[in-house]
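A quick write-up on the structure given underneath.
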Amino acid sequence: VAYVLLLGSTIWGLLLSTQFVKDWSPGPVSLTVHSTISWLALILGFVHALLLMLDKYFTYTLGDIFIPFTGPYRPEVVGLGTLAFWLLVAISISFPLKKRIGQTAWKRLHYTSYVAFGLVSIHGLFAGTDGAHLGFRLLVGGGVLLVILLLGVRVGKAQNKTMQVIRGKASTS
């Protein structure tokens, strides 16, 4: 569920920059939905980590849970999940601090959400028991593909906008 919420938050964040969402959803409502979904994903990810302390097969400590690459089970891919968790904490905390840290810093920090999404996807596929299930693989693969496609559209639009500005300056010179 945490992964589905993170996927939803990532997709919604990408859609926020499109005219499609701007035409029917007021900006403050859209940002509140995005922020709320992000916080829910983070909270469920936190619960997921804490539940590892109840695991009977591996013994986890708080340090294993909160310090990347230190746990007893598949420390590399579990560590990617821990690293993503901390990135998502920073990103989620930045929502209410946007005015204080400035638009540019906030945007740069939010660009790391794509890295965090990728890390969580790898973590889910290779660290957990669900990674072997076809349904979960299809969910993650489809989610990653959708995020990459939407990111491509967003980058393409940004490049078109930049080219229009450059062409406009060239024609006025």
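Each reported figure results from applying straightforward, stated rules to the coordinates on display, with no laboratory input. All values reported here derive from a predicted model rather than from experimental measurement. Counting neighbours? That spans all protein chains shown, and the Cβs are built from the backbone with ideal geometry, glycine included.
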For the chain, the longest principal axis of the Cα atoms and the Cα long axis of helix 2-16 enclose an angle in degrees, to the nearest 10, of 10
Among Ile11, Ser121, Val47, whose Cα lies farthest out toward the positive end of the dipole of the chain, if unit charges sit on the beta carbon of Lys, Arg (+1) and Asp, Glu (-1)?
-> Ile11
Checking His123, His34, His133 against a Gaussian network model of the chain (alpha-carbon springs below 10 Å), the top fluctuating residue turns out to be His133
Tensor-based shape of the range 69-145 (alpha-carbon gyration tensor, a/c under 1.5 rounded, otherwise prolate or oblate) | oblate
Can you tell me the 0 to 90 degree angle between the C-alpha axis of helix 27-51 and the longest principal axis of the chain, rounded to 10?
-> 20
In degrees, nearest ten, helix 134-172 long axis to first principal axis of the chain (Cα) = 20
Which ³J(HN,Hα) values in Hz, rounded to whole numbers, follow from the phi angles of the range 123-131 under the Karplus curve 6.51 cos²θ - 1.76 cosθ + 1.60, where θ = phi - 60° and Gly and Pro get x?
-> 4, x, 6, 10, 9, x, 6, 6, x
Taking the Cα atoms of the chain, what is the range of coordinates along each of the three principal axes, in descending order and whole Å?
-> 70, 38, 31
Taking N as the number of residues in the range 21-105, what is its Cα Rg relative to 2.2 N^0.38 Å?
-> 1.39
Count the net charge of all other residues whose Cβ sits under 10 Å from the Cβ of Ser17, scoring Lys and Arg as +1 and Asp and Glu as -1.
-> +3
Would you please give the FRET efficiency between Val4 and Trp86, computed as 1/(1 + (r/R0)^6) with r the Cβ-Cβ distance and R0 = 30 Å, to the nearest 0.05?
-> 0.90
